[in-house]
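Notes to accompany the following structure.
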């Protein structure tokens with residue numbers, strides 16, 4: 001049987017396993033083991049355990065539970081509420097200021113947690129009811145939170161970038177830097193659309209003449225600025241050569257825990273037990289997906305499926321931008337069915353040699369992949385952020401939430417187009433602070 005036929009069978013079998021709802025780690029591991037035994041015999045199982053272990057034998061992985069712990073500590077505190085209140089008091093005079101405040105809070109909270117569902121839940125629980133109370137349309141209130149929540153996997157620190165860096169052996173520090181400008185760009189596009197839509201409708205959430213005093217604006221800052229300082233400090237020690245990503249993540253997590261205790265009086269052991277439990281559960285889930293994806297990648301390589309695919313694309317002699325369009329379409333379709341961690345760990349090692357051979361920068365490509373994953377977070381049937389928002393306001397139909405998200409999805413597509421035209425938006429800052437990367 002040819003590698004192409006084997007590859008087609010593997011794709012069909014993998015999709016069939018995911019359709020059944022099997023957890024990604026178990027599904028990938030089962031498919032890998034079955035096809036290794038089927039095409040190479042029982043002797044191939046001898047390397048399965050070693051391959052699984054090698055997938056986790058990387059000190060960089062220590063940063064994952066640390067960043068998750070950092071996000072869990074902040075997400076369980078009222079930090080999201082304080083961010084929302086602070087931005088609302090400073091941006092209330094902007095058309096659609098409350099929605100813009102929510103998007104700004106999502107961007108800042110994303111920088112604190114690195115988690116899209118956590119960002120969506122923390123800001124949405126406060127922001128959506130308040131927007132509805134002040135008369136904003138349901139589709140704008142929910143769609144903006146869905147979109148703002150996706151920033152959690154783009155603005156550093158980002159678990160998605162860590163996974164991409166591990167899967168492709170690219171610098172996590174460069175990836176973090178590469179996500180800053182596109183993250184700001186995407187936030188600006190979200191805000192610009194909101195201001196245009198609300199400004200055109202003439203809607204005002206506050207009565208004419210309403211003003212917040214300077215005292216009211218400033219009094220909300222003391223509980224917000226320390227957390228933002230932590231993010232800035234983590235980025236500084238990471239890029240200043242003071243610490244590795246794992247060490248920076250550990251320090252950031254410890255400082256966030258300390259601030260949660262000191263600022264919000266989170267003394268209850270039961271609350272911290274839940275935080276530790278959630279951190280452990282999510283960390284173990286991601287680690288299992290990493291190990292299974294390494295085994296899955298080994299299976300694809302040992303059956304020459306990856307090499308055959310790369311050779312077929314090279315022989316097709318496609319225009320590099322046609323190739324990139326196909327890759328983007330493939331990632332968008334995958335994002336509709338598979339969570340970001342699974343997609344990146346399965347596809348990045350396969351796609352990266354293809355796109356780098358076509359002359360694309362691997363760091364730039366990591367940003368493109370991540371924005372595609374963001375779109376997947378607000379598109380059915382998986383659409384994790386859709387379900388988070390639906391759990392916050394179950395009386396709003398999912399169709400309304402989805403329609404409200406569509407303009408923001410178009411903003412993400414525009415961001416991808418801008419990054420294709422101006423790749424320096426992603427590569428300029430890493431090259432400036434860390435120097436140009438040597439060609440592979």
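Here, each number is a calculation from the coordinates, and none is a lab measurement. Only a predicted model underlies this, so the values are computations on that prediction, with no experimental measurement involved. Glycine also receives a Cβ, built like all others from the backbone with ideal geometry; neighbour counts cover every protein chain displayed.
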Per residue and in Å³, how big is the convex hull formed by the alpha-carbon atoms of the range 129-174?
77
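Per residue and in Å³, how big is the convex hull formed by the alpha-carbon atoms of the range 1-78?
Cα convex hull per residue, to the nearest whole number: 131 Å³.
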With R₀ set to 60 angstrom, the calculated FRET efficiency between the beta-carbons of residue 11 and residue 219, to the nearest 0.05, is 0.55
Using alpha-carbon pairs under 8 Å, 6+ residues apart, how would you state the relative contact order of the range 377-440 in percent?
18
Estimated translational D of the range 19-141 in µm²/s (Stokes, Kirkwood radius over Cα pairs; 10 °C; 1.306 mPa s)
88
Calculate the translational D of the range 159-283 in whole µm² s⁻¹ from Stokes-Einstein, where the hydrodynamic radius comes from the Kirkwood formula applied to all Cα pairs, the temperature is 10 °C and the viscosity 1.306 mPa s.
86
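Multiply the residue gap between residue 336 and residue 391 by 0.36 nm, knock off their C-alpha separation, and tell me the result in nm, one decimal place.
Full-extension gain reported as 17.9 nm.
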Could you work out the relative contact order of the chain? I mean the mean sequence separation of Cα pairs under 8 Å and 6+ apart, divided by the number of residues, in percent.
26
The chain: calculated mean residue ellipticity at 222 nm from DSSP helix runs of at least 4, using -39500 (n - 2.57):
-25500 deg cm²/dmol
Exposure-ranked with fewest Cβ neighbours within 10 Å first, 368, 396 stand as 396, 368
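Based on a Kirkwood Rh over C-alpha pairs, give the Stokes-Einstein translational diffusion coefficient of the chain at 37 °C and viscosity 0.692 mPa s in µm²/s.
145
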What is the spin-label model distance, in nm, from residue 281 to residue 422 if the labels are put 7 Å beyond Cα along the C-beta direction?
4.2
Give me the three principal axis extents of the range 305-402 from the C-alpha atoms, as integers in angstrom, largest value leading.
53, 22, 22
Largest-first ellipsoid semi-axes for the range 339-382, taking √(5λ) over the Cα gyration tensor eigenvalues, angstrom
21, 11, 7
So what are the radius of gyration and Dmax for the Cα set of the range 213-372, in Å?
21.8, 68
Sorting check: for 268-280, 84-96, 134-146, which peptide has the highest mean count of neighbouring beta carbons within 10 Å, and how do the rest follow?
134-146, 84-96, 268-280
Could you please state, rounded to a whole Å, how far the C-alpha centre of the range 36-102 is from the C-alpha centre of the range 283-343?
21
Could you identify which residue out of 391, 76, 283 has the top mean-square fluctuation in a GNM of the chain using Cα springs shorter than 10 Å?
391
Percentage of Cα-Cα pair distances in the range 95-187 greater than 15 Å, rounded to whole percent?
57
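Hull surface divided by four, with the convex hull built on the Cα atoms of the range 46-94: how many nm²? Intermediate results must be reported in sequence, preceding the final value.
Working: hull surface 22.7 nm².
The Cα convex hull of the range 46-94, projected and averaged over all directions, gives 5.7 nm².
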In degrees between 0 and 90, to the nearest 10, how far off the longest principal axis of the chain does helix 172-201 point, with axes built from Cα atoms?
50
